[in-house]
1. What is the sum of charges around residue 87, taking Lys and Arg as +1, Asp and Glu as -1, for the other residues whose C-beta is under 14 Å from the C-beta of residue 87?
2. Compute the signed sum of charges (Lys and Arg +1, Asp and Glu -1) over the other residues within less than 10 Å, Cβ to Cβ, of residue 323.
3. Sorting check: for 256-264, 83-91, which peptide has the highest mean count of neighbouring beta carbons within 10 Å, and how do the rest follow?
4. So what is the relative contact order for segment 187-271, in percent, with contacts set as C-alpha pairs under 8 Å and at least six apart?
5. Say a paramagnetic label sat at a point 7 Å from the Cα of residue 276, along Cα to Cβ; which residues of segment 167-184 have their backbone N under 17 Å from it?
6. Take residue 297 and residue 212, extend 7 Å from each Cα along the Cα→Cβ direction, and tell me the distance between the two endpoints in nm.
7. Computed on alpha carbon atoms, what radius of gyration and Dmax characterise segment 53-350, expressed in Å?
8. Subtracting the Cα-Cα distance from 0.36 nm times the residue separation, let me have the gained length for residue 67 to residue 132 in nm, one decimal.
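All of the numbers you see were taken from the coordinates with simple rules; none came from a lab. None of these values were measured; they are calculated from a predicted model. Note that each Cβ is placed from the backbone with ideal geometry, even for glycine, and that neighbours are counted across all protein chains shown.
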Amino acid sequence: MTTSHSSREQPGRAAHCRTEQARFQGGRGKAAVGDEGDSSDMDRDNQTTVTEFLLLGLSGQSKQEEILFGLFLWMYLVTIIGNILIILAISCDSHLHTPMYFFLANLSCIDICFSSVTTPKMLLNHILGSKSISYVECMTQIYFFITFINMDGFLLSVMAYDRYVAICCPLHYSMIMKPKLCILLVVVSWVITNLHALLHTLLMVRLTFCLNNTVHHFFCDPYAVLKLSCSNTFINDLMVFTVGGLIFLTPFTCIIISYVYILSNVLKLPSAHGIRKSLSTCGSHLTVVSLFYGAILGVYMHPSSSYSVQDTVATVIFTVVTPLVNPFIYSLRNRDMKGALRKLISNSRKF
């Protein structure tokens with residue numbers, strides 16, 4: 001009897017054990033699901049948008065950094081002072097209140113702004129011993145960098161058109177280049193470049209930046225920052241190729257067409273003196289155009305996975321050197337500008 005009773009209890013105990021085991025396994029299963037959820041949360045945390053970027057600068061050696069700091073500080077101060085003198089000379093001399101000098105004054109203003117987008121932050125980081133730039137500062141730098149670099153191109157194309165009208169249509173120059181048209185050309189250029197910069201900045205803001213936040217540059221170059229994103233950048237690349245290409249090529253094409261017409265018209269002049277006089281008015285502008293577009297083409301018009309020394313040098317040329325030399329190029333070869341600058345300096349000494 002005892003044996004049979006115990007034998008009847010064993011299946012019941014076995015069933016109870018299987019039930020408890022199933023509950024235990026179910027609990028482990030829920031725990032496993034919870035662990036997977038935690039791991040997915042950790043993955044999401046790894047893809048959290050960065051709050052700052054690290055700018056590697058121009059050189060990793062301290063001695064070179066000290067020399068470059070002094071050099072860039074000197075170039076920035078000369079850029080600001082030189083372009084301000086150009087603006088003041090044009091504003092104070094009534095003889096220079098012409099379309100050509102109106103555009104030149106605007107170009108000097110753009111050069112001041114353009115050099116102020118990148119250089120001061122680099123100098124400040126060197127003083128503070130830091131390489132960081134906040135996310136907001138980086139996006140702001142990208143916006144103004146795109147605005148002013150394209151504004152430079154548009155103003156150079158407008159100045160080329162002004163030279164075309166002056167040389168090819170001298171009798172109708174005053175009728176064509178009216179003050180309203182000059183202001184309209186500058187305002188339209190501002191609107192187009194700001195909308196273009198806003199488009200690319202908004203597309204950049206929607207991207208996610210993960211663990212890698214090191215920018216191999218001395219400022220937040222849009223293309224260098226774009227490569228750091230762990231999001232899909234197809235739309236950004238498409239807009240750079242289409243809209244960015246259009247904004248870049250339009251003024252560049254206008255400059256080429258203007259000078260083709262200028263050259264064909266100049267070659268028809270009977271005297272060598274007339275040819276030299278006509279070309280001298282365009283020489284300064286051609287020098288600036290060659291320096292500016294040559295450097296940009298050297299950086300952005302070839303495929304490269306990383307920035308080389310040549311890319312860095314070319315970037316320094318169109319962001320720092322071009323705004324520096326523009327006042328000298330336009331003033332040293334221009335008698336009217338040299339006379340206006342002498343008057344400005346002599347009047348300032350009286351005070």
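1. For residues surrounding residue 87, the net value is -2.
2. Surrounding charge for residue 323 is -2.
3. Order by mean packing, descending: 83-91, 256-264.
4. Reported as a whole number, the value is 27 percent.
5. No residue qualifies, since no backbone N sits under 17 Å from the label point.
6. 3.1 nm
7. Here Rg and the maximum Cα pair distance are 20.6, 67 Å.
8. In short, 21.4 nm is gained.
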